[in-house]
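Accompanying notes for the structure given below.
The values are calculated or read from the model by the stated rules, or taken from the named source; none is laboratory data. These numbers were taken from a predicted model, which means no experiment stands behind them. Cβ: placed from backbone, ideal geometry, glycine included. Neighbour counts: every protein chain shown. Accessible surface areas use protein heavy atoms only, side chains included; no ligands, DNA or RNA. Shrake-Rupley method; radii C 1.70, N 1.55, O 1.52, S 1.80 Å.
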There are 2 protein chains.
Amino acid sequence: MEHRKISRAVISRLPRYHRYLGDLLEAGVERISSNDLSKKMNVTASQIRQDLNNFGGFGQQGYGYNVKYLYTEIGKILGLNKTHNFIIIGAGNLGQALANYASFEKSGFILKSLFDVNPRLEGMSIRGIQVRMMDELVDFLQNNEIEIAALTIPKSKVVEVADLLVANGIKAIWNFAHMDLDLPKDVIVESVHLSDSLMQLSYNISRRKEAKKK
Amino acid sequence: MEHRKISRAVISRLPRYHRYLGDLLEAGVERISSNDLSKKMNVTASQIRQDLNNFGGFGQQGYGYNVKYLYTEIGKILGLNKTHNFIIIGAGNLGQALANYASFEKSGFILKSLFDVNPRLEGMSIRGIQVRMMDELVDFLQNNEIEIAALTIPKSKVVEVADLLVANGIKAIWNFAHMDLDLPKDVIVESVHLSDSLMQLSYNISRRKEAKKK
DNA sequence: TAGATTGTTAATCGATTAACAATC
DNA sequence: TAGATTGTTAATCGATTAACAATC
């Protein structure tokens, strides 16, 4: 099977398709045309068809797309048909927030442990998942199949911890630190930069105000 | 002053420039060329110069860019030279995590209050900032200049709350709910979809595995 | 002045949209 | 069959990169 290169732009839209199809499925909708979906999602029908056809022909002429089927197929593309074990490094507020966010589990992301340096958190558990101390990390990684590590630790610690994780076989990092990670290219890094997001909001506020002045 | 339309792509890169320039500033670097910065940031020098020239000529031929000046100017473009009061709706884990993230304050984002429906949180405060009950919200908005509302509440409540906020003059929403908001177009919405981000990570893991099979 | 590096125009590349033949 | 709607090719649009004259 030959795969053409899928662009970043397309990939970034897949979760959104998945989300809308999930909503339609819950609402009991059986089929939908690219045109109807495009109106709901505020994109062009053309883009939807182009995006989907990167992965195969999921629709049927004259009918549209079967919601349940398309939802499942996009799920597979996104890897949601498999489970992914993950850990959280940094059991502060953000780490705990992620740990409590049970929805991830529905998509197959299973939290196996949290880690922290703070001895006050020792022995604590969240939704039944234990918080461990950082010095147990290497041992834990050797005895558990962990795929993803979420980093909710301060910028100053992140390089050291990421190196440790990579040295122990972690191949995917979900990075919340306010910093880009420079890791071997077989390690996948997905960063969530909250302050970048807030700054974009602020940019738009400023621009709006300027426009009003005129 | 005439402004050409700035593309979303450019805007989304500004916070990252700002971050790198901040780091350089802290490291005591006085000036930097687009070429040196491009190597640090893994983008082309051409792109840096193009991006910056959307907003004006901040550099000097034969010299490069003054780090402090450029940092300040990008800060202004992003609206970081002004303070922005904000509130958090939903004082659960994520809301508390944001409230505790003091770095926002350094960029001029001042948290004025949190709101929740949970009576157990009544009277609580975080970094000296009070958690209030939702029925105090409208009154609070009328008596305080609030620019931004961060929504860290469940999907099921988000439409209702967003409408209430907009009805009471909020013009900028930082949305963490797993849902797109459809609001009047004079309201700025910036969404952080954590599960979308996790799914992109998962997509890349799956693709990596497929490639290995061959 | 000579060297460096910007600002900016032109060329290229990629992504989005339009159009329509294929087909259910 | 006629109508609807996909899959896909072609056209357009926009964003990135390359090149270089301007200038510090």
Looking at (1) assigned by TED's automatic domain parsing to the domain that holds A:Phe176; (2) touching a Lys or Arg at 6+ places or on another chain (Cβ under 9 Å); (3) farther than 26 Å from B:Arg208 by Cβ, which is the one condition that is false for A:Tyr63?
-> (1)
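Conditions tested, residue by residue: (1) in a loop (DSSP other than H, G, I, E, B); (2) of a type in the set (Ser, Thr, Tyr); (3) more than 11 Å from chain B (Cβ to nearest Cβ).
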| site | (1), (2), (3) |
| --- | --- |
| A:Asp163 | no, no, yes |
| A:Val166 | no, no, yes |
| A:Leu181 | yes, no, yes |
| A:Asp186 | yes, no, no |
| A:Glu190 | no, no, no |
| A:Tyr203 | no, yes, no |
| A:Ser206 | no, yes, no |
| A:Ala211 | no, no, no |
State yes or no: is B:Tyr71 in contact (Cβ under 8 Å) with a residue 40 or more places away in the chain and not assigned by TED's automatic domain parsing to the domain that holds B:Glu147?
-> yes
Would you check if A:Asp23 is of a type in the set (D, E, K, R), surrounded by 13 or more Cβ atoms within 10 Å (Cβ to Cβ), more than 9 Å from DNA strand C (Cβ to nearest atom) and modelled with pLDDT of 95 or more?
-> yes
Checked region B:2-42 for anything more than 9 Å from every other protein chain (Cβ to nearest Cβ), in a loop (DSSP other than H, G, I, E, B) and without any contact (Cβ under 8 Å) to a residue 24 or more places away in the chain; matches are B:Glu2, B:Lys5, B:Ser7, B:Ala27, B:Gly28
Kindly provide the set of residues from region A:98-123 that are more than 23 Å from A:Val158 (Cα to Cα) and open to solvent by 20 Å² or more (accessible area, probe 1.4 Å), ordered by number.
-> A:Ala102, A:Ser103, A:Glu105, A:Lys106, A:Ser107, A:Gly123
One residue from A:Gly123, A:Gly128 being modelled with pLDDT under 95 and at positive phi = A:Gly123
If you take the residues in region B:51-79 that are of a type in the set (S, T, N, Q) and more than 23 Å from the chain's Cα centre (by Cα), which one is nearest to A:Lys185 (Cα to Cα)?
-> B:Asn66
Identify, by number, the condition in (1) open to solvent by less than 30 Å² (accessible area, probe 1.4 Å); (2) facing chain A (nearest Cβ under 8 Å) that B:Lys82 doesn't meet.
-> (1)
Count - residues of region A:139-176 that are closer than 22 Å to B:Asn100 by Cα and open to solvent by 40 Å² or more (accessible area, probe 1.4 Å) = 4
Is region A:86-97 home to any residue that is touching a residue at least 40 places away in the same chain (Cβ under 8 Å), within 16 Å of DNA strand C (Cβ to nearest atom) and surrounded by 17 or more Cβ atoms within 10 Å (Cβ to Cβ)?
-> no
Inside region A:43-58, can you point out the residues that are open to solvent by 40 Å² or more (accessible area, probe 1.4 Å), near DNA strand D (Cβ under 6 Å from one of its atoms) and not basic (Lys, Arg)?
-> A:Ser46, A:Gln50, A:Asn53, A:Gly57
Before we move on, is A:Ile153 modelled with pLDDT of 95 or more, farther than 26 Å from A:Arg8 by Cβ and more than 8 Å from chain B (Cβ to nearest Cβ)?
-> yes
Within region A:51-60, work out how many residues are near DNA strand C (Cβ under 8 Å from one of its atoms) and free of Cβ contacts under 8 Å to residues at least 24 places away in the same chain.
-> 1
Which of (1) within 10 Å of DNA strand D (Cβ to nearest atom); (2) more than 27 Å from B:Lys155 (Cα to Cα); (3) under 24 Å from the mean Cα position of the chain (by Cα) is the odd one out, the single condition A:Leu37 does not satisfy?
-> (2)
With respect to A:Leu14, is the statement that it is over 21 Å from B:Arg8 (Cβ atoms), open to solvent by less than 60 Å² (accessible area, probe 1.4 Å) and not assigned by TED's automatic domain parsing to the domain that holds A:Glu190 true?
-> no
Does any residue in region A:116-138 that is polar (S, T, N, Q) come within less than 7 Å, Cβ to Cβ, of a residue that is open to solvent by less than 40 Å² (accessible area, probe 1.4 Å) six or more places away or on a different chain, and which pairs are these?
-> A:Ser125/A:Val131; A:Gln130/A:Ser113
Mind listing just one residue for me: the one in region A:61-70 that is open to solvent by 70 Å² or more (accessible area, probe 1.4 Å) and in a helix (DSSP H, G or I) and, of those, farthest from DNA strand C (Cβ to nearest atom)?
-> A:Lys68
Among the residues of region B:124-138, which ones are open to solvent by 40 Å² or more (accessible area, probe 1.4 Å) and in contact with a Ser or Thr (Cβ under 8 Å, 6 or more places away or on another chain)?
-> B:Gln130, B:Arg132
Selection within region A:177-200 - hydrophobic (A, V, I, L, M, F, W, C), touching a residue at least 12 places away in the same chain (Cβ under 8 Å) and open to solvent by less than 20 Å² (accessible area, probe 1.4 Å) = A:Ala177, A:Val187, A:Ile188, A:Val192
